[in-house]
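Since the structure comes first, as structure tokens, the remarks are kept for the end.
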Amino acid sequence: MKIKNLFFLMILILTSCSSKDDFSINNNFGIPQLRYYYEPILKEAQIWSPDAYLVDVDIPIGVKRPWLLSAYFFSPTKSKESLEVLLDSEGKLSERKFSHVMEILQEDPILPSQWKIDSQDALDILVEENIDSINKITELCGSLTLSREAILENRPLVWGLTYYQCGLPTGNYSFLDPLTEKIITH
């Protein structure tokens, strides 16, 4: 399938689950580029705690949500609290704080130097890799994440695509090395 046809098909699939208002950021799939939003999101988190660091990013695809991106932060000085920073469809940031009964196990921060492939390119690669199974889905739901994947050996930092038929409890997973563009199998 030609890339141009692939993009057209994915736009149709993704927008069929969401209103066009959800996709105010203009690119192939209407997802935000993490590199563009990293600094503003980090600054928002550092208001909560000056030593806040990024541990996970989630970008919904194919479902209507009131946000385009959510980023999760931990802080060594706030070990019983975490923060989620949300980017809405108008490009505005908001936050949600979470209290934890036990201390959070601190992780290695996710830094921009650890990913060469940005969110849009990662999604394009992962969709192309999985296009046959994605084409079988009539109502696409899922997300693109940047995280240290617990189900993979040594918890490497990966772009992960989770996709499934909306309303069904099972999904498919595909992982991409954010530096080399190589698909990771598990």
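The values are calculated or read from the model by the stated rules, or taken from the named source; none is laboratory data. Please read all numbers here as calculations on a predicted model, not as lab measurements. FYI the Cβ positions are ideal-geometry reconstructions off the backbone, even for glycines, and counts take in every protein chain you see.
Some observations on this one:
- Taken together, A71, A45 contain a single residue that is of a type outside the set (S, T, Y) and over 30 Å from L140 (Cα atoms), which is A45.
- Here region 30-50 is the region considered, the condition is being crowded, with 16+ Cβ neighbours inside 10 Å and in a loop (DSSP other than H, G, I, E, B), and the residue that is modelled with the highest pLDDT is S49.
Yes/no per residue for (1) touching a residue at least 60 places away in the same chain (Cβ under 8 Å); (2) within 16 Å of H100 (Cβ to Cβ); (3) of a type outside the set (S, T, N, Q):
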{"residue": "P32", "(1), (2), (3)": "yes, no, yes"}
{"residue": "E44", "(1), (2), (3)": "no, no, yes"}
{"residue": "P60", "(1), (2), (3)": "yes, no, yes"}
{"residue": "K80", "(1), (2), (3)": "no, yes, yes"}
{"residue": "L86", "(1), (2), (3)": "no, no, yes"}
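- Residues located in region 128-156, provided they are within 30 Å of F74 (Cβ to Cβ) and either surrounded by 17 or more Cβ atoms within 10 Å (Cβ to Cβ) or among the basic types (K, R) (or both): C141, G142, S143, L144, T145, L146, S147, R148, E149, R155
- Scanning region 51-103 for residues that are at pLDDT below 95, in contact with a Phe, Trp or Tyr (Cβ under 7 Å, 6 or more places away or on another chain) and not in a strand (DSSP E or B) gives a single hit, D88.
- Among (1) more than 22 Å from I47 (Cα to Cα); (2) in contact (Cβ under 8 Å) with a residue 12 or more places away in the chain; (3) not basic (K, R) - the single one L69 does not satisfy: (1)
- Search result, residues across region 104-123 that are surrounded by fewer than 11 Cβ atoms within 10 Å (Cβ to Cβ) and in a helix (DSSP H, G or I): S113
- Among the residues listed as D124, D108, the single one being over 24 Å from G171 (Cβ atoms) and at pLDDT below 95: D108
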